[in-house]
Amino acid sequence: MMHSNEPLFQNNGNTCGLCCTKIKNLSVTYGNTEILNDINLHIHCGELTALIGPNGAGKSTLLKAMLGEIKHSGKMEFQDMKGINTGHPLIGYVPQHLDFDKSSPISVLDLFTSCLTNSPVWLFKQKRIRRQTENSLKIVQGEHLINKRLGNLSGGELQRVMLALALVPLPDLLLLDEPVSGIDQKGLELFYDIVCDLRKNYDMSVILVSHDLNLVAKHADRIVLLNKTIQAVGTPQEVLNNEDLSKVFGNIWFKYPENKKEEEE
Amino acid sequence: MDVWYFLIDKFLPFECLQHMFMKNALLAVLLATPIFGILGTMIVNNKMAFFSDAIGHSALTGIAIGVILGIGDPLWAMVIFSVLLGFAILTVKNANTASSDTVIGVFAFSAVALGVVILSRAGGFAKYSTYLIGDLLSITPENLLMLTLLLLFTVILWIFILNKLLLVSINRSLAKSRGVNAILVEYLFTFVIAIVVTISIQWVGLLIINSLLVLPAAAARNLAVNTRQYHALSVLFSVISGILGLILSYFLGTATSATIVLICSGFFILTFMFKSKI
């Protein structure tokens, strides 16, 4: 699929596996409610780490804490290839859902323009931004979406557009918060394939909040099972075959996509 | 001003424009309607129609406070009060304790009630009823200068914050990950809405101001597919309705701003029918 496309920002194709993001003792509390307690994680580049857990486990909260949007205790460090601490990594983020009004006249190009430049969307058209947008959309097989209204995209298309947006500029760390529902199976598989390719070709660390254990088992390098604290970390085989998993959550916790509204908030 | 009067006499030698107040009013319409068209786009995108309505209603309390403090021109009391009320609503809303509709309702109706109570204390409420409907024909050259500054301020602010505002309206976390200070952007937007609404109230009227903000944008989004078209159409509808409304109201002897609103509604209905056809 995307191997046939001209690589855009390729990192010489080598996965160094040396640079890593370290999360140390991260905790989040809202009022008296503890959402996350003492999270410690090392995330290596070129790795796809899937974050799974029941509703309300704090998966989205962890991503937002990493973005710096939510107050948290503990630290996040990013080290580049030579082990030099570079402070905060450049983060690309794909939110779980967008809050815009479906009938708003915002085109995909408008969204990119407002992210990438200060030049007012309502006054000028810029060729440079248009090219950048086209290139990025190509990575996610979405070139044809550039002039569409955001409200007219399907769930899968919107997710891919948001992924493309997260790729300019090319991030060190990609945080993906997958919607619970609204994306058909074919769209989901396409999305996972693209993310997998990205991780390999661009040497990125990817953290993916996921609700589809089958796809996770197939694509992830590592699974983190989260429920306020980290319950288990390991390869898909290790985590998903763990007997404790079904003891703690039962077998049904991820199979209720219609509970969309209750998720995470 | 003389240049303006000269231009009108030269190029628009219509009978209705011979009057000084009509010349002033026409200029006022040309200055004010683009502001409404521009601000309306994001008010509608962010579903803030009720919010701007609340700001308009709070002006009543501003007048009342001005009266208590003995300020002759209540305009500054109105502006300050509206800005503060806007910020208060925003702060409570961001604390996420209640749905924003409820929060706005609580603030707006409390403010209106307070204003009415104070103004009606000595039975003199009728004095202030001009603020309810407004009088565009009473506009003076000093007011026009203020409108010009307001238009400039809005356009300059829009150049700087629209991209960020758009991003915040799509998703706050995404905006944050792009280094946008969502809170600052929201407060600036609230600030400009409060100022524009409050200053325009004396000419447009408290009851109608909000429809001038919402209707042109609502009509524009029936047709527009991107943000540039959205702005262009919104301003266009706003200006055309303004001019037509002014002229019609002169011949029909009706309230100017209400006539303008009706023409905006006409645009909305037409664009809506056009949209349903395709």
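FYI, it's all coordinate maths here, none of it is from the lab. A quick note: this is a predicted structure, and the numbers were derived from the prediction, not measured. Note that we place each Cβ from the backbone using ideal geometry, even for glycine, and neighbour counts take in every protein chain shown.
How much length is gained on full extension from B:Phe11 to B:Leu270, taking 0.36 nm per residue of separation minus their Cα-Cα distance?
Working: separation 259, 0.36 × 259 = 93.24 nm, distance 3.07 nm.
That pair, B:Phe11 and B:Leu270, stretches by 90.2 nm at full extension.
With the cut-off at 31 Å, tell me which of the pairs A:Lys75/A:Lys186; B:Lys164/B:Lys275; A:Lys218/B:Lys93 have Cα atoms farther apart than that.
On the way: A:Lys75/A:Lys186 38 Å; B:Lys164/B:Lys275 29 Å; A:Lys218/B:Lys93 42 Å.
From A:Lys75/A:Lys186; B:Lys164/B:Lys275; A:Lys218/B:Lys93, over 31 Å: A:Lys75/A:Lys186; A:Lys218/B:Lys93.
Using a 10 angstrom cutoff on alpha carbons, build the Gaussian network for chain B and name the most mobile of B:Ile263, B:Ile183, B:Ile209.
Result for chain B, Cα springs under 10 Å: B:Ile183 fluctuates most.
Which chymotrypsin sites (Phe, Trp or Tyr not before Pro) from the range B:110-179 combine a DSSP loop assignment with at most 14 other Cβ atoms within 10 Å? List each step's numbers first, then the result.
Values: sites: B:Phe125, B:Tyr128, B:Tyr131, B:Phe153, B:Trp158, B:Phe160; in loops: none.
Counting only loop positions with at most 14 other Cβ atoms within 10 Å, none of the chymotrypsin sites (Phe, Trp or Tyr not before Pro) in the range B:110-179 qualifies.
Using only Cα atoms, what is the ratio of the radius of gyration of the range A:101-169 to 2.2 N^0.38 Å?
Values: Rg = 11.1 Å, N = 69, 2.2 N^0.38 = 11.0 Å.
My calculation over the Cα atoms of the range A:101-169 gives 1.01.
Inside 10 Å of the C-beta atoms of A:211-219, what's the mean count of C-beta atoms belonging to other chains?
Details: counts 0, 0, 0, 0, 0, 0, 0, 0, 0.
Mean number of neighbouring Cβ atoms from other chains: 0.
I'd like the FRET efficiency for B:His19 and A:Lys71, computed as 1/(1 + (r/R0)^6) with the beta carbon distance as r and R0 of 51 Å, rounded to 0.05. It would help to have the intermediate numbers written out before the result.
Details: r = 61 Å, r/R0 = 1.20.
Once the sixth-power term is evaluated, E becomes 0.25.
Could you list the trypsin sites (Lys or Arg not before Pro) in the range B:40-128 that lie in coil according to DSSP, counting only those with at most 15 other Cβ atoms within 10 Å of their Cβ?
Filter output for the range B:40-128: B:Lys47, B:Arg121.
I'd like the mean, over residues of B:223-236, of how many other protein chain beta carbons sit within 10 Å of each residue's own Cβ.
Working: counts 1, 5, 8, 14, 13, 11, 3, 7, 5, 2, 1, 2, 1, 0.
Partner-chain Cβ atoms within 10 Å, mean over residues of B:223-236: 5.
Starting at the first residue of the range A:107-123, write each ³J(HN,Hα) from the Karplus equation 6.51 cos²θ - 1.76 cosθ + 1.60 with θ = phi - 60°, in whole Hz, x for Gly and Pro.
Result, ordered by residue: 8, 4, 4, 4, 4, 5, 4, 5, 7, 9, 8, 8, 5, x, 4, 7, 10 Hz.
Full extension from B:Thr140 to B:Arg121: what is 0.36 nm times the residue separation minus their Cα-Cα distance, to one decimal in nm?
Values: separation 19, 0.36 × 19 = 6.84 nm, distance 3.06 nm.
Result: 3.8 nm gained on full extension.
Using alpha carbons only, how many angstrom separate the centre of the range B:211-276 from the centre of the range B:33-97?
If we compute the Cα centre of each part, the gap is 23 Å.
How many nm separate the modelled label positions at B:Leu149 and A:Gln237, each set 7 Å beyond the Cα in the direction of the Cβ?
Each label point is offset 7 Å from its Cα along the Cβ direction, giving 7.5 nm.
Under a crude label model (7 Å from the Cα following the beta-carbon direction), how far is A:Asp38 from B:Leu114 in nanometres?
4.9
Taking the simple approach of a point 7 Å from Cα along Cα-to-Cβ for both B:Ile133 and B:Ser99, what is their distance in nm?
Calculated label separation equals 3.6 nm.
Relative contact order for the range B:190-244 using alpha-carbon pairs under 8 Å, separation at least 6, rounded to a whole percent?
On the way: 26 pairs, mean separation 14.2, N = 55.
Relative CO of the range B:190-244 lands at 26 percent.
Highest GNM mean-square fluctuation, chain B, Cα pairs closer than 10 Å: which of B:Ser249, B:Ser234, B:Ser177?
B:Ser177
What's the extension gain from B:Val106 to B:Leu184 if we count 0.36 nm per residue and subtract their Cα-Cα distance?
Details: separation 78, 0.36 × 78 = 28.08 nm, distance 2.38 nm.
Separation in residues times 0.36 nm, less the Cα-Cα distance, equals 25.7 nm.
Using the number of other C-beta atoms within 10 angstrom as an exposure proxy, rank A:His72, B:His231 with the fewest first.
Details: A:His72 22, B:His231 26.
With the sparsest Cβ surroundings first, the list reads A:His72, B:His231.
Taking θ = phi - 60°, what integer Hz values does the Karplus form 6.51 cos²θ - 1.76 cosθ + 1.60 yield along the range B:260-275, in sequence order, with x for Gly and Pro?
Computed from phi, the couplings for the range B:260-275 are 4, 4, 4, 5, 4, 4, x, 4, 4, 5, 4, 5, 5, 5, 4, 5 Hz.
Please give the average number of partner chain Cβ atoms lying within 10 Å of the Cβ of each residue in A:112-121, rounded to a whole number.
Details: counts 0, 5, 13, 10, 2, 1, 6, 2, 11, 10.
Counting Cβ atoms of other protein chains within 10 Å of each residue's Cβ and averaging gives 6.
Karplus couplings for the range B:217-222 from phi (6.51 cos²θ - 1.76 cosθ + 1.60, θ = phi - 60°), rounded to Hz, Gly and Pro as x?
Working through the residues one at a time gives 5, 4, 5, 5, 6, 5 Hz.
Assuming a viscosity of 1.567 mPa s and a temperature of 4 °C, what translational diffusion coefficient in µm² per second does Stokes-Einstein assign to the protein assembly as shown, Rh being the Kirkwood radius over Cα pairs? Please report the intermediate quantities before stating the final value.
Working: Rh = 26.0 Å.
Answer, rounded: 50 µm²/s.
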